[in-house]
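These notes concern the structure reproduced below.
We did not get these values from a lab; they are worked out from the coordinates using the rules stated. Note that the structure is predicted; figures quoted are calculated from it, not measured. Quick reminder, even Gly has a Cβ in these numbers, built from the backbone with ideal geometry, and neighbours come from all protein chains shown.
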Amino acid sequence: MNKYKILLIVFITLLGLKSVSAQQVYSSQFYAMPIYLNPALTGNSDYNIRTGVNYRNQWNSVTTPFVSQAAYIDGKLSFPYLGASWLGIGGVIFNDKAGVGGLKTNQIMLTTSLNKSLNKANTLFFHGGLGIELVNKSVDYNKLVFDDQWDGAIFSKPTEELPETQSLFYLDISLGGALTYFRGKTRYFLGVAVSHINQPNESFYEITNNLKRSYNFHGGLETKIGPRLYIKPEFLYKREYLSTEFVFGANFAMAAGKKGIVLHYGLWYRNKEDIIPTVGFQKNRFKFLLSYDIDVSALQLTSASKGGLEISLTYNYNYSNPRSVKRLERKRKAKKIGDKAISCPKFTNED
């Protein structure tokens, strides 16, 4: 069985796990948290070390805001026997607080990936990843009101609906696969990730509430369209329990001056819900992006078209490129994260 048949089997397996899933947190800048989007993207960058933080504040004009915060780091492990392939390792810390009941989610996720070159020219790569999360969910039931507290005039009676616990822990497993193809100045990428593989129980009560599987389908391309201008259109299709999400759009990057400054701007659309303008800048390895969801859904009269503010900061360290490094030199340098050993070929404005 050749490597292309193996690759096809892996993708069919991921797609074959399809079922409905549980609701997850929205993110307009899904591309700014790659290993949270898909564990297969761990270590899949032009740099040996990549870090980032993300902040999102949503529905502040309608109700108690939903606030999410996350930080991640990932990198490469290269070994002589892997040739133009490498291993990726990474981690994510995530916190989310939603609603008047203070429903809190705290997650610690460890990810790993195998990034395999599929041809001698190093233009086609397969990425397979695994993510393991420890999740803690808690809620303050003292802040909630239940229907059995109504005495006919006011909510004054004590409730009998309190669960046995207000905090729970569980392990969550995710799998992902992705392809990257380089042709000239253009990089094409396509991936799929499946969350809640083990369908953990997420219930504060005695009844069982197993999370259904969640699916992320994502892809796009990145290319140079002018002497100092790059474009990166992408899409995300998310299928979850009783809901789907489709986000698409593009970010542009324009080099400004000779001091490593790059201006970023873009426009995105979440199907029937939000228009999302994005702006930012990049200085050498540091990048800042700000986006804002303009609500265009049926709730826009209530929300005054206000959706969510999202900010991301990323920092990349130690660029490397397998096309420009001889195989023998690569073997000598492939020791640990930080060595200029293996990476996806570089072609964009991140010099």
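Before moving on, here are some points about what is shown:
- A protection proxy built from the mean count of other Cβ atoms within 10 Å ranks the segments 167-174, 37-44, most packed first, as 37-44, 167-174.
- For peptides 126-135, 179-188, sequence by mean Cβ density within 10 Å, most packed first: 126-135, 179-188
- Calculated from backbone phi, Karplus (6.51, -1.76, 1.60) coupling profile of segment 247-263 in Hz, x at Gly/Pro: 10, 8, x, 7, 10, 10, 10, 10, 5, 10, x, 10, 10, x, 8, 10, 9
- Highest to lowest packing among 234-245, 109-120, scored as the average C-beta count within 10 Å: 109-120, 234-245
- Charge sum, other residues only, whose C-beta stays under 9 Å from Tyr31's C-beta, Lys/Arg counted +1 and Asp/Glu -1: 0
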